[in-house]
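The values are calculated or read from the model by the stated rules, or taken from the named source; none is laboratory data. Since this is a predicted model, take the numbers as computed values, not measurements. All Cβ positions, glycine included, derive from the backbone under ideal geometry; neighbour counts span all protein chains shown.
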């Protein structure tokens, strides 16, 4: 019997490319496995930023209403099991191994990528869990993402910004056209930003999808420091401020509410929305860890839009001490655009390398790409662990260390913080 680690190693090497856009292969294997709709209600969540948080809000609200919910997200931070949750609990090793075995047996000679293997495995598990709702996060783009073999009752596009330009296009209109591919004819498409690209709206109108737009069809507004209001024509909800603290999280929560209210069937009780908004948690999204009187803030943001959110949060949450930044990014990311969003802030930068195959980037390469784009580079380090320890050693009580740039960056930092060293 293969262990989960055995299976992960196996599926990582089944396809010659780590990313292979297209639905033909994954649809073929899904048909062999008789994978139908994974739950009576399905919400698909795509977008550039805010996908994971929006999934977390949908999941928490639906579970507060008593629904059994399956959530599929990616990537993970520390353990693959995080990608598949059923009723709020990560899938265990044995369940995932059984799912991988079922996919492997069905695929025959068809090669699948790591993500395609994982998607089919999650759908197999959800189909056997008697769910009330499945929430599926798109991995990359939308139109050609493996998750898009499932027809949702409601599709969500959180935001559209510049990322994965080699695969999706070099501007918001091109990227929006790819992400709009998750919409379905005559079904709701919830848009979580005020200025969605025209390509998204054109596609929705062309197929008859019912576009529900933040700022036009539903709204969020502050009430006071502890409350905010969600509203649409003829309805409103008075809600607690989310624990997830980035400036965009209220918009993500509002988008999640709109998606749940757009589902067919009976409406959820108001108290479920309040309880779910207050309880939704997600690691690596402005996650705060106290380390020897130093506030360590970890965020998986890795593109310019996410960095602008970080800059807004830093400006809105000043401290008396200094802020040091541990930054490591993959080689295919717009590091100039990311760091430029924080360039005007008084930060000391500790740059680290990431070793991840063809997307690896050493600290020296990162520094050369940034050149004079940031104010003060304190030091260069082979890896995130070394950079974090150096930033912590240079910090005094009352200082802050911000760790960001990639899921891998945050995962490496969490391992250091959890070890206590």
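Table for the structure above
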| item | result |
| --- | --- |
| Residues of the range 310-330 that turn out to be over 15 Å from residue 298 (Cβ atoms) and touching a strand residue (DSSP E or B) at 6+ places or on another chain (Cβ under 8 Å), as a count | 4 |
| Condition check for residue 225: over 22 Å from the mean Cα position of the chain (by Cα), outside any strand (DSSP E or B), under 26 Å from residue 275 (Cβ atoms) and outside the structural domain of residue 316 (by TED's automatic domain parsing) | yes |
| Residue within the range 158-176 that is touching a strand residue (DSSP E or B) at 6+ places or on another chain (Cβ under 9 Å), over 23 Å from residue 333 (Cα atoms) and modelled with pLDDT of 95 or more present | no |
| Residues within the range 175-206 that are surrounded by 15 or more Cβ atoms within 10 Å (Cβ to Cβ) and out of contact with any helix residue (DSSP H, G or I) (no Cβ under 6 Å at 6 or more places or on another chain), tallied | 9 |
| Some residue of the range 344-351 being part of a helix (DSSP H, G or I) and assigned by TED's automatic domain parsing to the domain that holds residue 298 | no |
| Residue check for residue 402: farther than 28 Å from residue 249 by Cβ and either outside any helix (DSSP H, G or I) or over 20 Å from the mean Cα position of the chain (by Cα) (or both) | no |
| All positions within the range 367-399 that are touching a residue at least 60 places away in the same chain (Cβ under 8 Å) and assigned to a loop (DSSP other than H, G, I, E, B) | 394, 395, 396, 397, 398, 399 |
| Residue selected from the range 295-312 under the condition crowded, with 19+ Cβ neighbours inside 10 Å and farther than 22 Å from residue 353 by Cβ, by the criterion farthest from the chain's Cα centre (by Cα) | 295 |
| Lone qualifier among 315, 361 - being under 30 Å from residue 167 (Cβ atoms) and without any contact (Cβ under 8 Å) to a residue 60 or more places away in the chain | 361 |
| Qualifying residue in the range 98-115 (condition: under 19 Å from the mean Cα position of the chain (by Cα) and within 18 Å of residue 20 (Cα to Cα)) | yes |
| Among the candidates 385, 331, residue that is surrounded by fewer than 19 Cβ atoms within 10 Å (Cβ to Cβ), outside the structural domain of residue 13 (by TED's automatic domain parsing), farther than 27 Å from residue 245 by Cβ and touching a helix residue (DSSP H, G or I) at 6+ places or on another chain (Cβ under 7 Å) | 331 |
| Residue match in the range 62-75 (condition: assigned to a helix (DSSP H, G or I), more than 22 Å from residue 5 (Cα to Cα) and out of contact with any strand residue (DSSP E or B) (no Cβ under 8 Å at 6 or more places or on another chain)) | yes |
| Members of the range 352-366 that are assigned to a helix (DSSP H, G or I) and surrounded by fewer than 16 Cβ atoms within 10 Å (Cβ to Cβ) | 357, 358, 359, 364, 365 |
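Per-residue answers, yes or no, for (1) assigned to a loop (DSSP other than H, G, I, E, B); (2) within 19 Å of residue 411 (Cβ to Cβ); (3) in contact with a helix residue (DSSP H, G or I) (Cβ under 6 Å, 6 or more places away or on another chain):
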| site | (1), (2), (3) |
| --- | --- |
| 6 | no, no, no |
| 21 | yes, no, no |
| 35 | yes, no, yes |
| 42 | no, no, no |
| 53 | no, yes, yes |
| 100 | no, no, yes |
| 109 | yes, no, no |
